[in-house]
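Student: Provided herewith is a single structure, encoded as structure tokens, for subsequent inquiry.
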Amino acid sequence: MTEAEVFEVAAAWVGNAITAFTMYTTFTFAYLTVAFVTGERLSKFQVAVINVLYSLSAVSTIFSMMNSMMMWESALLRADSAIKYQYFFNNPSFWYSYMSAILALGILVCLYFMVDVRRQTESVAG
């Protein structure tokens, strides 16, 4: 593989990672909208189902993004160029730790948001 081909493949995997992140934000904003708009009217079963579906969807996109970044790193390792790690933000190891931590924290914050919306409604009603 030539250097140009390696970087083309790496760019495709970065694009896949960005697509997975886009799916994560889509699931997250849809979940937050449901939590905010209808959270207080949902039954406990409905909340449990929504929480499980959101968590599974968000975690699967995180895994997909991590896989894409691993493939990005694999492609970069095939390059004989010094440019592959010349810049800090071109280091897949940074992105593994940064993005997985941020997105996992985002899931926890969203789940807490649902609990908080329901708790505030119960305290106002009671």
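Student: Kindly state, to the nearest 0.05, the FRET efficiency for Leu108 paired with Val52, given R0 = 22 Å and r defined as their beta-carbon distance.
Tutor: 0.90
Student: To continue, here is another question. Given the rule -39500 (n - 2.57) for each run of at least 4 DSSP H residues, summed and divided by the residues of the chain, what is its mean residue ellipticity at 222 nm, to the nearest 500 deg cm²/dmol?
Tutor: Values: 3 runs with 104 residues, N = 126.
Rounded to the nearest 500, it is -30000 deg cm²/dmol.
Student: Same structure again: With charges set only on the Cβ (+1 for Lys and Arg, -1 for Asp and Glu), what does the dipole of region 3-125 come to about its Cα centre, in debye to the nearest 20? If you can, show how the numbers build up before the last one.
Tutor: Values: 6 positive and 8 negative charges, 107 e Å.
Approximately 520 debye in magnitude.
Student: Give me the percent relative contact order of the chain, please, defined on Cα pairs under 8 angstrom at least 6 residues apart.
Tutor: The normalised contact order for the chain reaches 40 percent.
Student: To continue, here is another question. Most exposed first by the Cβ proxy, i.e. fewest other Cβ within 10 Å, how do Arg118, Arg41, Arg78 rank?
Tutor: Arg41, Arg78, Arg118
Student: For Ile62, Ile50, what's the fewest-to-most ordering of other Cβ within 10 Å of each Cβ?
Tutor: Details: Ile62 21, Ile50 18.
The order, fewest Cβ neighbours first, is Ile50, Ile62.
Taken together, the values in this text are just the output of simple stated rules run on the coordinates, not laboratory data. Being a predicted model, the structure only gives us computed values, none of them experimental. So basically every Cβ, Gly included, is an ideal-geometry build from the backbone, and we count neighbours across all protein chains shown.
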